[in-house]
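Report on the structure given below.
The values are calculated or read from the model by the stated rules, or taken from the named source; none is laboratory data. Model, not experiment: these values are computed from the prediction. Neighbour counts run over all protein chains shown; Cβ positions are idealised from the backbone, glycine included.
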Amino acid sequence: MVFGATRFSKYLSEAEITALVDRLASEIRRDYNGKTILLVCVLKGAYAFLADLMRELKMDVEIDFVRLSRHQDTVTLLKDISRDVRGKHVLIVEEIIDSGRSLRFLYDRISQSGPASLEIVSLLDKSTKRVVEVPVKYVGRKVDDCFLIGYGLDLEDRARNLPEILSMTYPN
């Protein structure tokens, strides 16, 4: 597939993504059996993962959204969650973690608000790029240090709607 002059090849198929989401949902159901959880989706990228995950959870969930912006080492909150998290079981939903800066900011911010529990689920983890440690409990798959698009991941706000995940193909 080509976007502009950039070529991409399949990294994860729809079936592989579905299998990851199913496994993560199973782990979360096991750990939160009988509890209501608040899923906090990090916009814009995690919406596709959130939609599939919440359907597979087959349990009582609440949903909210947050949007962050990061410029170098500074994280800015563009849209805060609208629910009170005190006493709730909160699960931050992220599509990919690399440096960890934005997620650490969000995790610390929510943890100061008194949730009953706070965990992170990420479809993908680019742990080789980690600069700031974050306590990620649920990881779909560790991925290579490559540029990925599709299934919420974008290239200049395009390609988020692709059902699979593609990686940049470098010329030989």
Being under 15 Å from the mean Cα position of the chain (by Cα), in a strand (DSSP E or B) and over 19 Å from LEU155 (Cβ atoms) narrows it down to one of LEU24, LEU38, LEU53, LEU103, so name that one.
LEU38
In the range 125-144, which residue that is among the β-branched types (Val, Ile, Thr) and not in a loop (DSSP other than H, G, I, E, B) is nearest to ASP98 (Cα to Cα)?
THR128
Restricting the range 67-90 to residues that are of a type in the set (A, V, I, L, M, F, W, C) and at pLDDT 95 or above, the residue that is farthest from ASP157 (Cα to Cα):
VAL85
Counting only residues in the range 58-98 that are out of contact with any Ser or Thr (no Cβ under 9 Å at 6 or more places or on another chain) and closer than 29 Å to GLU164 by Cβ, the one surrounded by the fewest Cβ atoms within 10 Å (Cβ to Cβ) is identified as LYS58
Would you say TYR11 is of a type in the set (Ser, Thr, Tyr), within 17 Å of TYR151 (Cβ to Cβ) and in contact with a Ser or Thr (Cβ under 7 Å, 6 or more places away or on another chain)?
yes
Given (1) of a type outside the set (Gly, Ala, Ser); (2) part of a helix (DSSP H, G or I); (3) touching a Pro at 6+ places or on another chain (Cβ under 9 Å), number of the condition ILE120 does not satisfy
(2)
State whether one or more residues within the range 145-157 are loosely packed, with under 15 Cβ neighbours inside 10 Å and either in contact with a Gly (Cβ under 8 Å, 6 or more places away or on another chain) or not in a loop (DSSP other than H, G, I, E, B) (or both).
no
Among (1) in a strand (DSSP E or B); (2) touching a helix residue (DSSP H, G or I) at 6+ places or on another chain (Cβ under 9 Å), where does MET168 come up short?
(2)
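Picking from LYS142, LYS129, which residue would you name as being loosely packed, with under 13 Cβ neighbours inside 10 Å and either farther than 20 Å from LEU38 by Cα or aromatic (Phe, Trp, Tyr) (or both)?
It is LYS142.
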